[in-house]
Amino acid sequence: MFTNVKVSDKIYHLGVNDRRKHLFENLWPLPNGVAYNSYLIVDDKTALLDTVESGSDRRFVERVADILAGRDLDYLIINHMEPDHSGEIDAVVSRWPGVTIIGNAKTFSILKHYYSRETESYEVKDGDTLSLGHHCLKFVLTPWVHWPETMMTYDTTEKILFSADAFGSFGTLDGGIFDDEIDFDRYYLDDMRRYYSNIVGKYGGMVQKAYAKLADTEIKTICPLHGPIWRTDPCRVLALYDRWSRQEAEKAVVIVFASMYGNTEAMADYIARRVSEAGVRDIRVYDASKTHVSYLISEIWRAKGLILGSCAYNGYMHPSMERLTTELTHYGIKDKALGLFGSFSWNGGGVRNLKCFAETASLPLAADPAEIAGRPDSDKLALCDAMAEAVAAEVLK
């Protein structure tokens, strides 16, 4: 006997907590683990919406069968083909060989590269509907949120949106599954922003297109494929994703430095103090060599002000700063009050290449960069004043 959690009278949540995986997509640290969500509708017809990562729950098919209580599975709806949600497709089709797989054209073009088993399939287009009896499902294609085949399934009967990876979060569901059962701000907000900025953030324009499609849709519950289910305050997560996808930032300044012998770090601390004296209250300083780039991206996404500093390293910027700036260019970061600084011993390179990054990323500088030779002293550090004050002024205006 399994503990089955109901989203509504005929809809069940089938969740798995993965506390073993260290890196999501073999890139992003998971100190709080990650949850995979799947959903089962038991109506006149039965439908499973997505599966979970292969091996994350060896009893997944058994759990589905327990809820079905001897009934067949009629439909397997694939909202997202990424393997952490499609990993049990083979097992599901083996258990219910008569199941019909539902997806869009792009779904099936990807499916054939992963799974060779022959079964019934039904291709849906944007706006198509499927009646299960009491429930009527509408399919909303949301490409590039964040794969090209991604779609959402909307239950028009109970106003429930099965949103695929959108509105998801890192972090396991430790007992509480719904938003009214958890302390979201304390345990999930930072993980959700890190998830959004690193996984979905590049596709903010496509997120806004998805919002446009859903503009007139009444949504009472949001069921994502990761993280908590929103049944009490779905407007909260809708507002967060809307703001993040627009890159609307807070009145905060993030300072990230790369330093070998402490000189550039001393500049970072000096700049932070000057930004504080200019009136900014939300300031965070990070060492790019110690803090994983995913946390830096998340914080940069949050803050209006961004100040980057690097020592010179083989005529270039420090490798840890190079990694960060490459990622920021990849994600299309924009609308930042940008300042640059750095130090060198004989020939520079750190600041020069940070300026190249700013040009490539089309990020205008709030003020001229501050660069010093050797060990910082009070006279040299004063070169940072104008830049710190200009960034603070842009953040606060």
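The values are calculated or read from the model by the stated rules, or taken from the named source; none is laboratory data. No experiment lies behind these values; they were computed from the predicted model shown. All Cβ positions, glycine included, derive from the backbone under ideal geometry; neighbour counts span all protein chains shown. These accessible areas exclude ligands, DNA and RNA; they are computed on the full protein's heavy atoms, side chains included. Shrake-Rupley method; radii C 1.70, N 1.55, O 1.52, S 1.80 Å.
Rolling a 1.4 Å probe across the protein heavy atoms gives the range 125-284 an accessible surface of 39 Å² per residue. On a per residue basis, the range 295-397 carries 43 Å² of accessible surface, using protein heavy atoms and a 1.4 Å probe.
Would you mind telling me the share, in percent, of accessible area of the chain contributed by carbon and sulfur at probe 1.4 angstrom? List each step's numbers first, then the result.
Values: 7830 of 17000 Å².
That fraction is 46 percent.
Each 20 Å bin, from zero up to the one with the longest distance, holds this percent of the alpha carbon pairs of the chain: 27, 46, 23, 4. When the pairs LYS138/LYS220; LYS202/LYS397; LYS45/LYS106; LYS202/LYS290; LYS106/LYS138; LYS6/LYS159 are compared against a 20 Å limit on Cα-Cα distance, LYS202/LYS397; LYS45/LYS106; LYS202/LYS290 fall above it. Ranked from largest to smallest solvent-accessible area, with a 1.4 Å probe on the protein heavy atoms, SER320, SER131 come out as SER131, SER320. In order along the range 206-223, the phi-based Karplus estimate (6.51 cos²θ - 1.76 cosθ + 1.60, θ = phi - 60°) of 3J(HN,Hα) comes to 6, 4, 5, 5, 5, 4, 5, 5, 9, 4, 9, 9, 7, 10, 9, 9, 10, 10 Hz; Gly and Pro are listed as x. Solvent-accessible surface (1.4 Å probe) assigned to LEU141 amounts to roughly 40 Å². Under 14 Å of direct C-alpha separation, and excluding same-chain neighbours fewer than eight residues apart, LYS336 reaches these aspartates and glutamates: GLU248, GLU250, GLU299, GLU359, GLU394. Straight-line reach from LYS209: taking Cα to Cα under 12 Å and skipping same-chain neighbours fewer than 8 places apart, the aspartates and glutamates in range are ASP242.
Kindly provide log₁₀ I(q)/I(0) values, in the same order as q = 0.28 Å⁻¹, from the Debye equation applied to equal alpha-carbon scatterers of the range 1-75. Per q value, in the given order, log10 I(q)/I(0) is -1.36. Solvent-accessible surface (1.4 Å probe) assigned to HIS22 amounts to roughly 150 Å².
Taking GluC sites (Glu not before Pro) across the range 180-267, the ones in a DSSP loop with at most 14 further Cβ atoms lying within 10 angstrom of their Cβ are GLU218, GLU248. Computed from point charges on the beta carbon alone (+1 for Lys and Arg, -1 for Asp and Glu), the dipole magnitude for the chain about its Cα centre is near 560 Debye.
Distance between the C-alpha centres of the range 173-200 and the range 50-120: 26 Å, rounded to the whole angstrom. Helical runs assigned H by DSSP (4 residues or longer) give the chain a calculated mean residue ellipticity at 222 nm of -9000 deg cm²/dmol, each run adding -39500 (n - 2.57) before division by the residue total.
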